[in-house]
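Some notes on the structure that comes next.
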Amino acid sequence: MKQDLNGRMGDLLMALGEIEKTEGSFQLAARNMRKAAERFEVLGQKEFVAATLNRVALCLMEQGKHDMALSELEEAEGNATGNEHEAALLSSTLLYKGKCLAKRDDLVSAREAMTRALQYAMACGNEPVVAECEAFLGETQEKSTVDEGAFL
């Protein structure tokens with residue numbers, strides 16, 4: 001009975017967080033989503049924890065709190081590893097991580113995260129993440145320093 005109640009409370013807190021996020025109350029949304037993740041942790045549902053922490057990170061990113069979002073994403077990455085939804089979870093987690101790193105002007109690390117996100121997204125067929133990663137990687141591609149006019 002207690003497990004069922006923890007699961008239901010996690011779902012309710014997550015739904016409340018999504019409503020608050022939609023209304024622009026990102027701080028409150030992140031707080032309730034974090035509480036939801038704690039309920040899912042009690043149940044040992046690591047895939048739910050990872051997905052929820054990804055949503056918390058999005059709320060933090062909306063507030064410009066990229067360092068805090070990275071912390072949530074590190075935790076999400078740990079929870080996403082080793083379950084049947086690993087590729088789908090990590091594709092999103094690493095996409096968000098790449099965005100946070102780019103906001104911190106750490107383009108090398110951002111490109112690494114986006115490259116990994118792309119690999120996972122391709123593995124699970126997450127087309128929106130594939131498109132976003134490819135766009136980012138194309139925009140941040142290092143330009144050659146070789147003079148193209150030097151070749152015949």
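Mean sequence separation of contacting Cα pairs (under 8 Å, at least six apart), scaled by the length of segment 2-141, corresponds to a relative contact order of 16 percent. Mean-square fluctuations from a GNM of the chain, with a 10 angstrom spring cutoff on Cα atoms, peak among L12, L73, L94 at L12. Under 24 Å of direct C-alpha separation, and excluding same-chain neighbours fewer than eight residues apart, K21 reaches these lysines: K35, K46, K65, K97, K99, K103.
Which value, to two decimals, describes the C-alpha radius of gyration of the chain once divided by 2.2 N^0.38 Å? Don't jump to the answer; show the numbers that get you there.
Numbers: Rg = 17.9 Å, N = 152, 2.2 N^0.38 = 14.8 Å.
For the chain, the normalised Cα radius of gyration comes out at 1.20.
Available extension along the chain between M122 and L43 is 25.4 nm, counting 0.36 nm per residue and deducting the alpha carbon span.
Find how much the distance from R8 to V108 grows on full extension, using 0.36 nm per residue of separation minus their present alpha carbon separation; answer in nm with one decimal. Numbers along the way, then the final one.
Numbers: separation 100, 0.36 × 100 = 36.00 nm, distance 4.11 nm.
Computed gain between R8 and V108 is 31.9 nm.
Other residues within the sphere of radius under 12 Å centred on the Cβ of A29, judged by their own Cβ, net out at +1 (K and R +1, D and E -1).
Report the calculated FRET efficiency for M1 and T81 (r = Cβ-Cβ distance, R0 = 30 Å), to the nearest 0.05.
Details: r = 31 Å, r/R0 = 1.02.
Taking R0 as 30 Å, the efficiency between M1 and T81 is 0.45.
The phi-based Karplus calculation (6.51 cos²θ - 1.76 cosθ + 1.60; θ = phi - 60°) puts the 3J(HN,Hα) values of segment 128-136 at x, 6, 4, 4, 5, 5, 4, 5, 4 Hz, whole numbers, x for Gly and Pro.
For a protection proxy built on the mean count of beta-carbon atoms within 10 angstrom, sort 43-49, 124-130 highest first, please.
Going by the mean number of other Cβ atoms within 10 Å, highest first, we get 43-49, 124-130.
For a paramagnetic label modelled on T140 (point 7 Å from Cα along Cα→Cβ), amide N atoms under 15 Å away belong, within segment 102-122, to 102-119.
Since every read-out is calculated from the coordinates, none of them should be taken as a lab result. The structure displayed is predicted, hence computed values, not measured ones. So basically every Cβ, Gly included, is an ideal-geometry build from the backbone, and we count neighbours across all protein chains shown.
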